[in-house]
């Protein structure tokens, strides 16, 4: 269930930043990382579409509230709005998952839950915790600029850790707005494994970028996950005790 | 035909060229030889059991045929260092590109109910950092039946890592990579053992190839000795063996061109062909030397072919008939072997006539090395034996007849003792490394075979379907072949226990839908549910049983499944029939889960409790109220309130008959919204606790009556008393479910079942083919029928021998009867032909003596040669081949025995009774 939270973190991670004129691979990555929106609270409404090997789609609508708790800690409430069988299932994560609570409407009960393996997929999506939580900074990756054209930079990232699932990543970064348009993940043998693509963005007035729609395809298993935000509101007023066990039991947040 | 013979003699070089070309071509293809002895491939893919088994791999990623198990044996697994090593090894394996999933002690999920809620976590969430923590973990895991003795060895030293591969992976390479990674990581002293179907198949393949390489030269050596004895010249020794070897090479080459793989039993092919086909070369060379001696080199090849082509052809056709009858068997190793062996015999016949003819035409002998004059052999042991035999047959007929009948009856008495067995131990032998590998895993980690129950329904989340899964699992647990069940339903039982405090499947689908999120999180469970969520598999470990036990258990399991309701509808409990249906279901379930009271008694108690509302179990007792506040602990503490004080407030509210919200507002000064919220939470907790009390009261009553406690697993049945709906069988019902069992042991059982029917089918076909060929050759129904007698007796007694010597019927021994018919009928043909030739001009006694001393001698030598070659297989490391070779050889010698004795007696009797002219001749000769 912690994986709901990870979906939220992905959205947070993918929000934009500001322009710079860096040209080395590391500087490009630093700039992509730097374009994160600054906010105290945020509300995102969107949907997750799971596409299986036969092409069958399953859409889940969700609403998510975030609060910047300082010290790089974020609290999250994530609720499914549809379909009917998951409607109302709500997750509360306090301070980057220090405590995670789950409300199950059918049981009319909140339970404290624990997390699961970082490398496993979550909620049947094609993302793993590592895919979502890992940045592409110098701590984890060696980076090299492979080339560029009028629109993009092409970077090759090589994991520093020998136990990484990936052998290398090829990242396409937009030259003008500094967000990654596409990342190809290759396994240790050099075979293409996953492809992440950004399909829709919004550039804010301060130049930071919000990603509204992206997809991740697992080429090996022929599954895909699409994440789409229909609205993002920032710095909205929320009660002080909003991120609480009591809130997630309410029929309406 | 004559033109063909002359053409061969005139154009030897093109024939030799083609022979050499084809041989080189097929030799080149020998590098592609591969073995595949997977029992799931024994039956045709369109066989219902096989196609269903194969379909599961497409539906469930957890149903992995492509997988390997890695066993690690430490001095002590439970040290911080070794557990860390285990985790690292598992992670390194997982990072391999071909690896889809890894399950080890360090990442297995377990559901833990905590004071506040539920954790779905890994069994070893945090690795121990001290030896004390490691010891604590060891003690905790000892209580876990699903782990101790299965994932961890009973002595706590060894553990296993389950590795599954992607469908697209090259399994042999993937296993090699896994082994390399593991061996690089573990220090010396840690024993690493890999196990899996592919490893067994690869090991069998290597062994089968070793067999071919080792046994073929040995069989060749044995034949060389026999041929040297017969010919005393190099060509006579070498060429028949070369012909047989070429026939084997051509056969294997053709199989490779057809893209076929071999099974272990195919490894006997070169040895068997050496034994059977070398006789054709012997016939040709023998005759060539005779012709050369008579008229020199002029048209020697044409004259030789004129003399031997038809006999060799007929002999080949009858042998091929026996082998081709195996094509009717729907068991792949048997039908493949029949095809390859028949092809080998055909090639042998072609090579022994066309190619040998061409060779002798191109390289005629310069000086005839006379074959050992048959007259010169007259005083040897064979001659004396045959003379004794003919004397006994002519002068001690009754004694011989009694001897024949007694021997036959004694041998046939073993027939009822025949059994079917296709286990690895039986195939490979007790001392074989593969058997030892299998035994190691069985002894240390339990069985490595799995059976599966596939559940198909419209909606897997339906409580009825999930409950049926629990009931079926509970029933099947009594069988050795359905141990340690693992299913979606048992996972949901655990989850519901963590959520509500009892181990049951809730009757509300909404609750199951909520729990489904945890199912979605579990890679293990997702691998056992189809994409459309309409099918799931329940996995069982199959314990070691005999084929008969497996068959019996399967029959009982299938009967139970056949009687389960397949279409039901959900009805509210507002009618008597609905309530009766619920009572019956609860009673049946209580008995299934261990209640030992008479059904009527249980029914009365259940009916009584079903009529009591949960409100009857609400009390003001402090222990009851403490349970309520504990159930709402998260919410109480979230509001910063004290549990004990809230408990007192609850007691006052119940005593005064006011709402909890009102009491909370009064006692704690909470705002109305907060008080109302916590009041609702406490009311829900109160209902939950009261329901639990109701069920516990039912449990106590049953336990008191039967005088023993009911286990936790009985929660499933006990908590059905809280149901507000019943499920009744209805042809119009909207809830449907179907079940089907499969698994490698089930496939093995299917193969066993088919062995008897296929044996009968291929044997009847072999008899029919051979009888047809006899009719053609002897041109008389009576004569053909008489000639069939020895082979019928041979086959019958061969089964008796199998029974007496406890040789089970399996894919190898199944073929022996057909081979015996095909190869052994030659003896009857040759013997009858010579008899009828002799009897045309001689008395019966003279004819019998002449037949035995001349044709009988050839038959005996040939049989000894073939049997000698076949007995070489007894040197094989593979038990199945040892038995197969020994049995083929024994049965061929039995064929000689019955030809010499039974056929002689019958022919003599036929002559005595039937033909007046022959009778007169015999009288005159006396």
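All of the numbers you see were taken from the coordinates with simple rules; none came from a lab. Just so we're clear, the structure is a prediction, and the values are computed from it rather than from any experiment. No Cβ is skipped: glycine too gets one built from the backbone with ideal geometry, and neighbour counts run over all protein chains shown.
For segment B:574-723, what is the per residue volume of the convex hull drawn over the alpha-carbon atoms, in cubic angstrom? Could the numbers behind the result be given before it?
Numbers: hull volume 18.4 nm³, N = 150.
In segment B:574-723, the Cα convex hull volume per residue is 122 Å³.
Could I have the simple spin-label model distance between residue B:615 and residue B:906, label points 7 Å from Cα toward Cβ, reported in nm to one decimal?
Calculated label separation equals 9.2 nm.
Give me the distance in nm between label points sitting 7 Å out from Cα along the Cα-to-Cβ direction at residue B:534 and residue A:47, one decimal.
Inter-label distance under the simple model: 2.4 nm.
For the residues B:412, B:454, what sequence is obtained by ranking on other C-beta atoms within 10 Å, fewest first?
On the way: B:412 16, B:454 21.
Ascending number of Cβ neighbours within 10 Å: B:412, B:454.
Evaluate the distance, in nm, between pseudo-label points positioned 7 Å from the Cα of residue A:175 and of residue B:776 along their respective Cα→Cβ axes.
8.2
Could you work out Rg/(2.2 N^0.38 Å) for segment B:396-478, with Rg from alpha carbons only? List each step's numbers first, then the result.
Details: Rg = 25.5 Å, N = 83, 2.2 N^0.38 = 11.8 Å.
It is 2.16.
Stick to Cα atoms and the Kirkwood definition of Rh, then tell me Rg/Rh for segment B:12-54. The partial results should precede the final answer.
Working: Rg = 18.9 Å, Rh = 13.6 Å.
When Rh is taken as the Kirkwood radius, the ratio is 1.39.
Quick one: if the Förster radius is 25 Å, what FRET efficiency do residue A:231 and residue A:68 give, using the C-beta to C-beta distance and rounding to 0.05?
Values: r = 19 Å, r/R0 = 0.76.
Efficiency, from the Cβ-Cβ distance: 0.85.
Going by how many other Cβ atoms sit within 10 Å of their own, how do B:395, B:908 line up, fewest first? Present the calculation step by step, with values, prior to reporting the outcome.
Details: B:395 10, B:908 20.
Ascending number of Cβ neighbours within 10 Å: B:395, B:908.
Just want to confirm a number: the relative contact order over segment B:574-723, from Cα pairs under 8 angstrom separated by 6+ residues, in percent. Walk me through the intermediate numbers first.
Numbers: 136 pairs, mean separation 46.4, N = 150.
31 percent.
Quantify how strongly other chains surround peptide B:636-642 by giving the mean number of their Cβ atoms within 10 Å of each of its Cβ atoms.
2
Please compute the contact order of chain B in relative form: average sequence separation of alpha-carbon pairs under 8 Å and at least six residues apart, divided by the residue count, as a percent. All intermediate terms of the calculation are to be shown ahead of the outcome.
On the way: 1384 pairs, mean separation 163.3, N = 926.
RCO, chain B: 18 percent.
Would you kindly state how much longer the chain becomes between residue B:11 and residue B:760 on full extension, computed as 0.36 nm times their sequence separation minus their alpha carbon distance, in nm to one decimal? Show your work: numbers first, answer last.
Values: separation 749, 0.36 × 749 = 269.64 nm, distance 4.62 nm.
Computed gain between residue B:11 and residue B:760 is 265.0 nm.
Using 0.36 nm per residue, how much length does the chain from residue A:154 to residue A:199 gain when fully extended, once their Cα-Cα distance is taken away?
14.4 nm
State the extension gain, in nm to one decimal, for the chain segment bounded by residue B:3 and residue B:785, taking 0.36 nm per residue of separation less the distance between their alpha-carbons.
On the way: separation 782, 0.36 × 782 = 281.52 nm, distance 3.49 nm.
Result for the pair: 278.0 nm of gain on full extension.
How would A:173, B:301 line up from fewest to most surrounding beta-carbon atoms within 10 angstrom?
Values: A:173 23, B:301 27.
Ascending number of Cβ neighbours within 10 Å: A:173, B:301.
Calculated FRET efficiency, residue B:579 and residue B:601, Cβ-Cβ r, R0 25 Å, to nearest 0.05? Mind dumping the intermediate values first?
Working: r = 18 Å, r/R0 = 0.73.
Working from the Cβ atoms, E equals 0.85.
Dividing the alpha-carbon radius of gyration of segment B:66-201 by 2.2 N^0.38 Å (N being the number of residues), what value is obtained?
Numbers: Rg = 15.3 Å, N = 136, 2.2 N^0.38 = 14.2 Å.
Relative to the 2.2 N^0.38 Å estimate, segment B:66-201 comes out at 1.08.
Kirkwood Rh over Cα pairs of segment B:834-876 into Stokes-Einstein at 37 °C, 0.692 mPa s: D in µm²/s?
On the way: Rh = 11.7 Å.
Answer, rounded: 280 µm²/s.
Please give the residues of segment B:854-888, grouped as numeric ranges, whose backbone N is less than 11 Å from a label point set 7 Å along the Cα-to-Cβ vector of residue B:210.
Correct set: B:877-878.
Kindly give Rg over Rh for chain B, based on alpha-carbon atoms, with the Kirkwood expression for the hydrodynamic radius. Walk me through the intermediate numbers first.
Details: Rg = 38.3 Å, Rh = 33.4 Å.
Result for chain B is an Rg/Rh of 1.15.
Where in segment B:72-93 does the amide nitrogen come within less than 11 Å of the point 7 Å from the Cα of residue B:185, taken along Cα to Cβ?
Those under the cut-off are B:84-93.
Assuming R0 = 41 Å, what is the FRET efficiency of residue B:645 and residue B:142, from their Cβ-Cβ distance, to the nearest 0.05?
Values: r = 41 Å, r/R0 = 1.01.
Between residue B:645 and residue B:142 the formula returns 0.50.
Compute log10 of I(q)/I(0) for segment A:166-237 with the Debye formula, placing one identical point scatterer on every Cα and leaving out solvent, at q = 0.22, 0.26, 0.27 Å⁻¹, to two decimals.
Debye intensities relative to I(0), on a log10 scale: -0.98, -1.15, -1.19.
So what's the convex hull volume per residue for the Cα atoms of the protein assembly as shown, in Å³? Walk me through the intermediate numbers first.
Numbers: hull volume 275.3 nm³, N = 1179.
So the per-residue hull volume is 233 Å³.
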